[in-house]
Structure formats: C-alpha cells, structure tokens
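Everything below concerns the one structure shown next.
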Amino acid sequence: MNPRILAEHASDHYVLQAVLGDMTAERVDAIVNAANSNLAHGGGLAGAIVARGGAVIQEESDKLAPVTTGNATVTSAGALPCRWVIHAVGPIWGNGNEEASLRSAVRASLDRAADLGAESIALPAISTGIFGYPKQEGTATIVKEVQSWLDCHPHTSLATVRFTAFDEPTAELFAEAVRVLATSVPNSGI
C-alpha cells in the first residue's frame, strides 16, 4: 500500500500529516507501536511490526518489559525502513483515567523520539484497537497532544509527525483532527 496523505497542518517548526498507509513501511526515523505493558507483540500492529521487522524487536522488548501504562520505551527496528520502534503503552478503556493516560503515552513517545534526535515519527491510533478507546476521541486526543507537545518544545529535532492508519476510517478520523488544527490556527498550513 502506497501511503496517501489525507490532511496536513504546517507551522513554522513542524508538519503534521494524517496518512492512510502501512506503519511497517513508513520511511521515518521512528515509528510508534501501540504496545501492551508486557511488550508481547503477538497481534495487531505489534504483531505486524515484529513480522516485518524481525524477532530482534521482540527479543529487545523482552529485556525492557514491563512498561507501565502511559510510558514508552525504545528498541531497534530490525528490518523495518525506520531506525527505531518506540513502544507506547496506552490505556485500556474502562480502567479509569484513560484520557490522561493516553496523553501521557503520546508525550512519552515524543520524549523518546526527541532523546534519540529523531526528525520524523509516525504514530498509530494508540489504544483504539483491542484496548477499546473510542476511535474519534482517541485520534483527536493524540493529534491535540502532539501539537501541544511540539508547541512546548520549539527547539526539538522533531519536524514531521505522521498519524498513520492502515484502515481508511481511522485515517479519516486523524485527517479530521488535523484539519481542525489547520482551521483553528491563523496562518496555518494546508
């Protein structure tokens, strides 16, 4: 699947893009994996990342687990076209404090990327799959938290953030959230 940019918002310091595409094919410095706290990458996006990137990602993850909800850790990317995989543990819907935990997982992912000196990153719709976070609220929260983090870190190495989803409905929700930013900020991008 060739990636397709559905929406874009540019500021003086960064570009946010909503992308319909395959996270495991993203040509960015780092991709974010929506992980569980045990970093057991058996299914969903995590399983696809290990299937394409190789067993080294799971082997490195096993040495880093467990990771608490709202936090993130980093492994190499194996055979993936990126340099690093950032494993973010989002909340399970219904466990309480979900929005704060999701925001924390996004911030932790961006912190890890900045620590690495990454210039580009791709994020999925963390917690909106089997963890049950409502997709519309989740994607909007992720986009807003990324914008907030970038605005608070104007000297970060991160210049491009791609919100990547393989299914069109989720990618469109990311696009909708990015378009809201573009219309709410004077002199914004596309």
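Filtering the range 82-109 to residues that are more than 15 Å from Asn36 (Cα to Cα), out of contact with any Ser or Thr (no Cβ under 8 Å at 6 or more places or on another chain) and hydrophobic (A, V, I, L, M, F, W, C) leaves Cys82, Ala100.
Of everything in the range 145-158, what is surrounded by fewer than 18 Cβ atoms within 10 Å (Cβ to Cβ) and either under 16 Å from Ser104 (Cα atoms) or out of contact with any Leu (no Cβ under 9 Å at 6 or more places or on another chain) (or both)? Give them in sequence order. Residues satisfying the conditions are Ser148, Asp151, Cys152, His153, Pro154, His155. For first residues located in the range 77-91 and without any contact (Cβ under 8 Å) to a residue 24 or more places away in the chain, partners that are among the small types (Gly, Ala, Ser) and in a loop (DSSP other than H, G, I, E, B) and lie 6+ apart or on another chain with Cβ distances below 6 Å do not occur. So, in the range 25-56, exactly how many residues are of a type in the set (Val, Ile, Thr) and under 23 Å from Leu158 (Cα atoms)? Summing the residues that are of a type in the set (Val, Ile, Thr) and under 23 Å from Leu158 (Cα atoms) in the range 25-56 gives 4.
Selection of the range 80-99 for residues being crowded, with 24+ Cβ neighbours inside 10 Å, out of contact with any Asp or Glu (no Cβ under 7 Å at 6 or more places or on another chain) and closer than 20 Å to Gln136 by Cβ yields Ala88, Gly90.
Filtered by the rule that a residue be buried (at least 22 other Cβ atoms within 10 Å of the Cβ) and polar (S, T, N, Q), the range 121-140 gives Ser127, Thr128, Thr139. Reported count of residues in the range 85-123, each being in contact with a Pro (Cβ under 8 Å, 6 or more places away or on another chain) and among the polar types (S, T, N, Q), is 2. Residue under question is Gly47, and the condition is that it be buried (at least 19 other Cβ atoms within 10 Å of the Cβ) and among the small types (Gly, Ala, Ser); does it hold? In short, no.
Since every read-out is calculated from the coordinates, none of them should be taken as a lab result. Note that the coordinates shown come from a computational prediction; the quantities given were computed from them, not determined experimentally. Glycine gets a Cβ as well: all are built from the backbone with ideal geometry, and neighbour counts include every protein chain shown.
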